[in-house]
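Each remark here refers to the structure printed beneath this line.
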Protein chains: 2
Amino acid sequence: MPAKTSNAPKSPARSRVLDTATRLFYTEGVHSVGIDRIIAEAGVAKATFYHHFPAKDALVQAYIEEQTRMQREAAEQLEADGPREKLLAVFDHMGRVGGLADFRGCPFINAAAEYPDPAHPVRRSIEDYRTWFRELMRELLTEAGDPDAERTADLLMLIRDGLAVACDLDDPVAPRPLVRDAVLRVIGGARDGAEV
Amino acid sequence: MPAKTSNAPKSPARSRVLDTATRLFYTEGVHSVGIDRIIAEAGVAKATFYHHFPAKDALVQAYIEEQTRMQREAAEQLEADGPREKLLAVFDHMGRVGGLADFRGCPFINAAAEYPDPAHPVRRSIEDYRTWFRELMRELLTEAGDPDAERTADLLMLIRDGLAVACDLDDPVAPRPLVRDAVLRVIGGARDGAEV
DNA sequence: AGCAGACTAGACAGATCTGTCTGGTAGGGT
DNA sequence: ACCCTACCAGACAGATCTGTCTAGTCTGCT
């Protein structure tokens, strides 16, 4: 049925809903934003919303997966010659984004705070993101010759989460040079001049 | 008016409300738990609740401040001979708590996710906690002879937040030895055997 | 004795939430 | 001509939320 030309271009109404939800969920939180508000700002009828999503939770899950897609895309578009530079580019990018005025923290950490049950589909989708990110770190580290990529990836995960929280709750620019040094040290690329 | 003997022992009804709220807010989130549920489980009349708290937000703020009080108390009760050992003890304690079955992440990070406005009183109280913790780190580091305690404290803050998130969203026991090594390296106490 | 304050039980108002349902329009494929 | 799908507008049910209010009990101080 969805054979327009070749693949499914996703209906415009659905896209409008997902875009609006992504914006509102991120800036105001999931439980604080109701369906009525979303469909009003998306300019979509209620029946249309429930035609595309079985329930609100499904929209929340779609929001999480959309965030994952966007972050993967952003990571792929970062240009770097070599795995070490790629790793640094990922964290530099995070620091830049964290310093923007509309930064509101990590969407995955924030959403998880509103879904306590680890078995909930939303939490599963959040897990998927974290698995992807950790895998990305591990692959780049292995490629860069890290002898214990698994362990170092866990360390980078720690820094990632810490950076996201710090940019949200504390001074959003202070941790940036700090993080760069920390990442450099962790991936074994510290120069003598970069003492912490 | 509250001159019973010398200070205010806080009414038992109020304590019951705050205890119940602390439990429910932490395990299920703030917006997901209603006043009706809290007063029912606390065994308190609605009028009594509104007699002690002007609104739900005030209870949320009291919850945050109660969490701060508890964490301060826990930190003070950690025995250690020397600032370096005290620092390690704080992080060891965090790792232990993070591994417990009922660990649900950092209450401050979680609550902040539900209060996007940084000017909100709840966010201010969260800020107070974070200021206290950073100060504690800074003082211990200075005492331990760290030449750049400010900077190292920021690094420890990063590890703290990363540990709390990891214990909540990932494997709750994996990061523990990792964190100990990371803290040791950051505070300049790495032995040769503790290679990361 | 009398009064103030802490407390209980629960009705109530008004808003808001999710999800369903009715009814109707427009366009594309067959 | 026909039908299917996507879409819009909005009423509606039923639950739940916060916060107010009435009405009455119990305790301890003065």
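The values are calculated or read from the model by the stated rules, or taken from the named source; none is laboratory data. Values in this document were obtained by computation on a predicted structure and should not be read as measured data. Neighbour counts run over all protein chains shown; Cβ positions are idealised from the backbone, glycine included. Accessible surface is based on the protein model in full, side chains and every heavy atom, while ligands, DNA and RNA are left aside. Shrake-Rupley method; radii C 1.70, N 1.55, O 1.52, S 1.80 Å.
Just a few scattered comments:
- When the helices of chain B are scored as -39500 (n - 2.57) per DSSP H run of n ≥ 4 and the total is divided over every residue, the value at 222 nm lands at -22500 deg cm²/dmol.
- Counting only alpha carbon atoms, the long axis of helix B:121-143 and the longest principal axis of chain B meet at about 30°.
- Each other copy holds its own label point for B:GLU66; taking that point as 7 Å from Cα along Cα to Cβ, the gaps run 3.7 nm, nearest first.
- Candidate aspartates and glutamates for bridging to A:LYS10, where Cα separation is under 17 Å - those fewer than 8 sequence places away on the same chain excluded: A:ASP19, A:GLU65, A:GLU66
- Counting only alpha carbon atoms, the long axis of helix B:83-99 and the longest principal axis of chain B meet at about 60°.
- The gain in end-to-end length when the B:THR27 to B:ALA89 segment is fully stretched comes to 19.8 nm, 0.36 nm per residue minus the alpha carbon separation.
- Cα-based helix-to-principal-axis angle, A:175-186 vs chain A, degrees rounded to 10: 60 degrees
- Highest-fluctuation residue, B:ASP19, B:ASP36, B:ASP168 considered, GNM on chain B with Cα pairs under 10 Å: B:ASP36
- Estimated FRET transfer efficiency (B:GLU150, B:ASP57; beta-carbon r; R0 30 Å; 0.05): 0.35
- Selected from A:GLU79, A:GLU127, A:GLU139 as most flexible by GNM, with chain A as the system and alpha-carbon contacts under 10 Å: A:GLU79
- Rounded, prolate or oblate (a/c below 1.5 giving rounded, otherwise prolate when a/b exceeds b/c) for chain A by Cα gyration tensor: prolate
- B:VAL97, B:VAL17, ranked by accessible area, largest first (probe 1.4 Å): B:VAL97, B:VAL17
- With DNA, RNA and ligands ignored, accessible area of B:TYR26 (1.4 Å probe; Å², nearest 10): 40 Å²
- Note on A:LEU136: accessible area approximately 30 square angstrom, rounded to 10, probe 1.4 Å, nucleic acids and ligands left out.
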